[in-house]
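Some notes on the structure that comes next.
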Amino acid sequence: MSATDFLFAIWPAILAGIVAAFVPREMSPRQRVALGFIAAIGLASVKWLWPSELPAVVAEGAKAPEEWPHLLNLIVGLPLVGGVVVMFMPRQLLSLVRGFTLVVMAAAFLASLGLLTVPMTAGWHFNYSKDWMPGLGIRYHVAVDGISLWLVILATFITPIAAFASFGSIKTRIKELCIALLFLEGAMIGAFVALDLFVFYVFWELVLVPMYLMIGIWGGTDRIKAAVKFFIYTMVGSVLLLAAILYLVWANQKLTGQWSFDYIDLSRVVLARPAQMLCFWAFSLAFFIKVPMWPVHTWLPDAHTEAPTGGSVILAAVLLKLGTYAYLRFSMGLFAGPASSLAANLAGVAVLGGVLYGALVAWKQQDVKRLVAYSSVAHLGYVMLGLFGATPSGMQGAVLQMVNHGISTGALFLLVGVIYDRRHTRQVDEFGGLAKVMPAYATLFLIVTFASVGVPGTNGFIGEFLVISGTYVSERLGVFGGIHTVGAAAGVILSAVYMLGVVQKMFFGPLTNPKNKHLPDLTPREALALAPLIVMIFVIGFFPGVFLDRMKDAIDMHHSQFKTVSGQAVLYSDEKDAKLLPEDVFSPAFLDGSPSRMTGPKDAEPHAKNDAANGGAK
Amino acid sequence: METLRTLFPASNFALLAVILGLPLLGAFVNGVFGKRLGKEGVRAMALAAIGGAFLFSVVTFLMLPHAAAEGAPAEKLVWNAWRWMSVTGRMGQSIPIDVAFSVDAMSATMMLVVTGIGFLIHLYSVEYMWEDPGFARFFAYLNLFIFAMLVLITGDNLAVLFVGWEGVGMCSYLLIGFWFTDEKNASAGKKAFIVNRIGDFGLILAISMLVYYVGSLTWNGIEANAGALLTPVKIWPIGNLSAETLPGFLAKILIPAKPVQVYASTLVGLALFLGCAGKSAQLPLYVWLPDAMAGPTPVSALIHAATMVTAGVYLVARLSVVFLLSPAAMATVAITGVATALFAASIGFFQTDLKKVLAYSTVSQLGFMFIGVGVGAFAAGFFHVFTHAFFKACLFLGAGSVIHAMHARIHDVNKSQDMRNMGGLGRYMPITRWTFLISCFAIAGFPMSAGFWSKDEILWKAFSNLPLAPPASKTVPMWAWPANLGPAIYWLGILAATMTSFYMFRAYFMTFHGKFRGWEIVKGWKAPASHGHDDHAHDDHHEAEESLEGPTPRESPWKMTLPLVVLATGAAFAGFLMAEPIHIAPLGHLLEPVFEHASKAMTEREGAKGLMWPMMLPGLGAFLAGTGAAMYVYLNRAGEPERAFAASSPRFYKLLVDKWRIDELYDATVVGMVDALADIFTMADKWIVDGILAKLTAGVVALLGTILRAVQTGRVQVYAASMVIGLLGIGWFIVQPHAAATIDDTKLKQNGQVVLAAAPGLGYSYLWEGPGIPPAKDYSPVNQLSVRLDPGEKKDIVLHVRNAFERETTTTIPLARAGAKRMGDPGQNQVPEVRQLPTGPIPGERIQELLKPGGFQ
């Protein structure tokens, strides 16, 4: 490609960069360049990721691009190793510690973009596995598919922003903060990519520690109580999860004679009915607490209120997604039977306890952060509804809504942090008429509000729309589909009620409180931290195809497998014994990820047979 | 033209991108760079954007492909931008949703109205808002509104329409609350958005149902597959509610003998109409529109009169194919329309705020439009949208012009809009007065004016049309229109028209005739130097109202009067675009292909033939009666009869002035209930959910800890004492003998043999007793016993145990063997059959049925 061709290809990005550089009225050239850069990158990435027919044609003849097997190790390892390196840095060199942290996070983000270079076909990508404790069948096994792909990128995308924003407001114990952030990032990514239940459990628990420290050290006045509440709540679920994992592994060992913690191997196990139900609840309760679903949601408002801004952002944007993701992956994957038969009831909880209850309680909150926390309960109600409904579009909507919620709620917490840094209060009554003194802040808040409310053209709409329309067509919800749809659609009204209510109280009306008269508008640092999120709000709103196309195959496979396995599981399982499902129930692309198969010689013959047997599943 | 056609072929009509892009560009530039551009720059950008959009809209209109031959469906101009997403349909089929736009005669006409009237109102606003500090912001919002409105009318599917639908709602929110420093304005904006959202709730439901039943969201797809909506749907009892799951008395009340079934088309139609009622301010969701007058007057003219609020009518007309499949939904639309028309007109009777009168008249006129589309006269309903845009925009801009003049001396928003402070302005503001008068004639239905043709057409169609029942299934009867519903709507419509002409002319006479009541006119009066033009300064010097002096009210500058003149011309003559009775109907011909299916689904009611001209007379009478009464009361008697009426029945008068206190009713019922529910939930969340899960469990753990801590005193004596107690307990246990045995009955089924093994212990010896056991003399260390049972036999074995301390105990072990039954007993011998599953996926419909037999619950 010659230079002129290159210039021609990227001119829209350059134009967007130039326009964005002129947007702010009072900023230094450096900050203008940064803002322009964000805009240019945003546009270029949309262009780059744009689904086009071209690669499909190319794929016919040429081989798919090689997947570098260590890429996931790199993404998981960078923050963890970075955290260790920071431990050995002198704490007096603040800028070195901060700069290094940001560089590591940026590197992890860039590395995670590498995941987008291969076509996301159904099945596992960047599969890597290595024996860890062979005697117990524990392997370090990581891989991504179209579902976890976006959550990994969400984690690597949000964490640097949260870190960048934290460095603006937190002035004490910077070194410890950096270590916590880096470990948190590594652990979250690890949990998203782990396919070995043991490894998953390790990462799942590892996430708790840095978050606990962040709330407990840099939090608000009541921080210790909130941190303990957060820890114990999640721990209760985790212990149950561990017990269920061990039982499942033991059952698998009895059936196959081999120890294995691998997700793909364990998927074939159908436990006896009572055990199946208990294990499903043990897994799901752990995940529901993390989501959080009603009635185990009350740790969230406390944790959010007390956490520092950066912690809140990561907590809301990424940590909660661990619960929804794990439900989709593990509860639905390992216990399809109960997940299917309980779907209608659970969806009822998601609609009543999440979408409606969460919204109504949010409406009555006086503390802005508590309000946003309850709005998270409502938004994640949509996500869970999409998962319970289990239609392809509902599940796509749910996964997209996970990303959306990460972006818009992350932005909301950043925005609340901005005003908290200035006034050291989050009580709505303290504000009023802020739009007069902080116009740029008010504008961004309004944009994010509309995204959160789900106005079309922003990201929130796409997720909610897919979930709601998926709910109505869902077979899983049976006769309740219609009622759930009505409830979920009614949530659309309530979200406007509480979000616009708080916007009006904070920004409109006369400027009565004298303390607010001279508040400075957004600082360049805050604006830069928010800019990528604002860009993403509109990118997802207008071009969701960029995201949906890459997750489509994975979702379709997961869905058809869930459908088949849940049917099989119901009929196969009996009261006493665990059983092993035949291999041809699963799609070969799914089983190919298993380490036992990866090492063995690939046999083309049975695959062809499986393909024929599964022809209708696609 | 030919070049344009080759450049923009009908199947890839990218010119739409320009039309849509210009206002969006204007919004972006004005919003972000507005302060730096300066007012002149903002003005140039805004006017150029909308003007350009208007020019290209005209080009689009001219390029509309004409129906090639009779009966052939007219082609549309289509621009398919990109694939937005795809959703899953009924049988797992994937339904693509594109960001696609299309133009046919109806949307092209709408585009002309939106951009044309939009341009005039932009021009007007330049003058009206010139002094406002938020000048750039205002035009950014206004341009954004035009963009959203264009998306709404050109969207090729329901999802894209929904983008525009919510987009205009959002712009309306921003513009109503434009002067946000006043709490009241911000609240009005919020109210508008939330009430609109209630409508959107219906629209989302309708979209979901269309996805399920029709499997398409594009206009063409819905039209092609709408027949699928004729499926009966059970709506009551919902879910798994049935006589078995409810307690008896409730079941008797709630569960009917036969489940209530309606057609999907009715459900979809009603859900759609809920959306339309929200956006177009129909009963019961009209309450936001009068409050929306808090926005700047040009906004009221553009958004809350001419364009946005008519979107509901547009949607019903656009999806006429769905409504035609459900006479019940159509009747709901028509009846709601006529009820709203009457109700809003009654409120409009005695309002004193000029803009409020116009607001209620808008609600009332929207009711007329819904009568039109409800009785199947889609073209007529849409035509009323068209004419109404002219005269109502003109009326609002005229009101704005008057308010602008009043602002010379009165700055309080409410007082400057109060007609009791006006009067006699016709003398000072001739252009405003005449254009206002022409529009009043149009809205009141003066013969040959725009409103006459459209309103008359609607009422005539209400009288004469009878929707044909669509082919229905045999099990569920299709609701059919009663024969006298049409005439009833007609006569009620006439009544509403009479009221319309009365209150419109009341407004006209109160504003432009009589004596000026605003202030004492002093020739050559000069404003005090400190005085600034600020709409919101609640200046103190208005307190002394009696002695207010001021200059002569002045006519507004040309930028404000030019739009008035253009719009008034339209109000006078636009009717001839579709004057059906005299067969001059170019617009009607253009719209014919759009509503072709609609005309096929309609028939003329018996007895209406040839009555077209006679049935115009009541309409004419309505105009004469209303106008005459208003003239008598307000011109000749200067409002004396109104005061007399207020004095004679003060409570009724007050009720009308207070708008039937519907807002208060809603506050007390719906809002109050939701509010109470939210309070209850918040309390429950704090004290019950969190209380039980967190505080109670923590309390239990703490209590246990407290108890255990009490023991952990650190005193050796206490520990030694507890050790001794423990040892004693163990010793007591050892000294006591315990008789217990494990029973091995694995061979019971085969040969009836049971082996008993007594539990061992310190120096235990055993003695077994029972039928068929050789009696032992003394205790022996043999702890095993084998017993044989015949089928059906029962035995009680007694076990004696003696321990090392010579203490004894006894227990009885009952044994039993099942009776001999015939062979092949299903309960005993049959191996549970493992059902052979179909490999591969199980079709979704079967899952429920497969679940039931051995399900978990």
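Dipole magnitude for chain B: about 780 debye, using +1 per Lys or Arg Cβ and -1 per Asp or Glu Cβ, origin at the Cα centre.
Close amide H pairs (under 5 Å, H built 1.01 Å from N) link B:Ile97 with B:Trp84, B:Met85, B:Ser86, B:Val87, residues at least 5 positions away or on another chain. In this structure, the amide hydrogen of A:Leu580, modeled 1.01 Å from its nitrogen in the peptide plane, lies closer than 5 angstrom to those of A:Val270, counting only residues at least 5 positions away or on a different chain. Within the straight-line cut-off of under 29 Å between alpha carbons, the lysines reachable from A:Lys563 are A:Lys254, A:Lys290, A:Lys321, A:Lys552, A:Lys576, A:Lys579, A:Lys602, A:Lys609, A:Lys618, B:Lys234, B:Lys852, sequence neighbours fewer than 8 places apart in one chain being disregarded.
Spacing of the modelled spin labels on B:Met723 and B:Ala488, each 7 Å from Cα toward Cβ, amounts to 9.6 nm. Kindly express, to the nearest 10 degrees and within the range 0 to 90, the angle between helix A:545-572's C-alpha long axis and the longest C-alpha principal axis of chain A. The angle comes out near 40 degrees. Peptide A:476-483 shows a mean partner chain C-beta count of 4 within 10 Å per residue C-beta. With a Förster radius of 56 Å applied to the C-beta separation of B:Gln753 and A:His70, the computed FRET efficiency comes to 0.30.
Evaluate the relative contact order of chain A (contact order divided by residue number), counting alpha-carbon pairs under 8 angstrom at least 6 apart; express in whole percent.
It comes to 16 percent, rounded to a whole number.
Backbone phi angles across the stretch A:244-255, fed through the Karplus curve with coefficients 6.51, -1.76 and 1.60 (θ = phi - 60°), yield HN-Hα couplings of 5, 4, 5, 4, 5, 5, 4, 4, 5, 5, 5, 7 Hz in residue order; Gly and Pro are listed as x. Calculated mean residue ellipticity at 222 nm for the protein assembly as shown: -19500 deg cm²/dmol, from DSSP H runs with n ≥ 4 weighted as -39500 (n - 2.57), summed, divided by the residue count and rounded to 500. Placing +1 on the Cβ of every Lys and Arg and -1 on the Cβ of every Asp and Glu, with no other charges, gives the protein assembly as shown a dipole of roughly 1640 debye about its Cα centre. Ranked by how many other Cβ atoms sit within 10 Å of their own Cβ, fewest first, the residues B:Cys440, B:Cys171, B:Cys394 fall in the order B:Cys171, B:Cys440, B:Cys394. The packing ranking, built from the mean of other Cβ atoms within 10 Å per residue, places the peptides B:101-111, B:343-353 in the order B:101-111, B:343-353, highest first.
With respect to chain B, whose longest principal axis is taken over its alpha-carbon atoms, helix B:378-406 is tilted by about 70°.
When only Cα pairs below 8 angstrom with a gap of at least 6 residues are kept, chain B shows a relative contact order of 9 percent. At q = 0.08 Å⁻¹, work out log10 I(q)/I(0) for chain B with the Debye formula, treating every Cα as an identical point scatterer and leaving solvent out; two decimals please. With no solvent term, the Cα-only Debye profile gives -0.77. Each residue of the stretch B:476-482 was assigned a 3J(HN,Hα) from its phi angle through the Karplus expression (A = 6.51, B = -1.76, C = 1.60, θ = phi - 60°), giving 10, x, 8, 5, 10, 5, x Hz with x at Gly and Pro. Here B:Lys749 is the anchor, and the aspartates and glutamates within straight C-alpha reach of less than 16 Å, apart from those fewer than 8 places off in the same chain, are B:Asp790, B:Glu793, B:Asp825. Taking every DSSP bridge with both residues inside chain A, close to 90 percent are antiparallel. For the segment B:172-183, counting C-beta atoms of other chains within 10 Å of every residue's C-beta and taking the mean gives 4. Round to the nearest 10 and give me the degree value, 0 to 90, for the angle of helix A:3-22's Cα axis relative to the longest principal axis of chain A. Between helix and principal axis, roughly 50 degrees. Charge dipole of the stretch A:354-464 (Cα centre as origin; +1 on each Lys and Arg Cβ, -1 on each Asp and Glu Cβ, all else neutral): 200 debye, rounded to the nearest 20.
The mean number of partner chain beta-carbon atoms within 10 angstrom of a residue's beta-carbon across peptide A:544-554 is 2.
Packing around the peptides A:581-589, B:303-311, taken as the average count of other Cβ atoms within 10 Å per residue, puts them in this order, highest first: B:303-311, A:581-589.
Taking a straight line from the alpha carbon of A:Lys436, these lysines sit under 27 Å away, with near neighbours fewer than eight places off in the same chain left out: A:Lys364, A:Lys369, A:Lys505, A:Lys515, A:Lys517, B:Lys35, B:Lys39, B:Lys184, B:Lys190, B:Lys191, B:Lys415. The phi-based Karplus calculation (6.51 cos²θ - 1.76 cosθ + 1.60; θ = phi - 60°) puts the 3J(HN,Hα) values of the stretch A:212-219 at 4, 5, 4, 5, x, 9, 9, x Hz, whole numbers, x for Gly and Pro.
At q = 0.21 Å⁻¹ the log10 of I(q)/I(0) for the stretch B:70-184 amounts to -1.16, computed by Debye summation with a single uniform scatterer per C-alpha, solvent ignored. Projecting the Cα positions of B:Leu748, B:Gly426, B:Met406 onto the charge dipole of chain B (unit charges on Cβ atoms of Lys, Arg, Asp and Glu, taken about the Cα centre) puts B:Leu748 furthest along the positive direction. Amide H to amide H, with H built 1.01 Å from N, B:Ile813 comes under 5 Å of B:Ile797, B:Val798, B:Leu799, counting only residues 5 or more places away or on other chains. Sorting B:473-479, A:74-80, B:748-754 by their mean Cβ neighbour count within 10 Å, with the most densely packed peptide first, gives A:74-80, B:748-754, B:473-479.
We did not get these values from a lab; they are worked out from the coordinates using the rules stated. Computed from a prediction, not measured in an experiment: that's the story for all the values here. Counting neighbours? That spans all protein chains shown, and the Cβs are built from the backbone with ideal geometry, glycine included.
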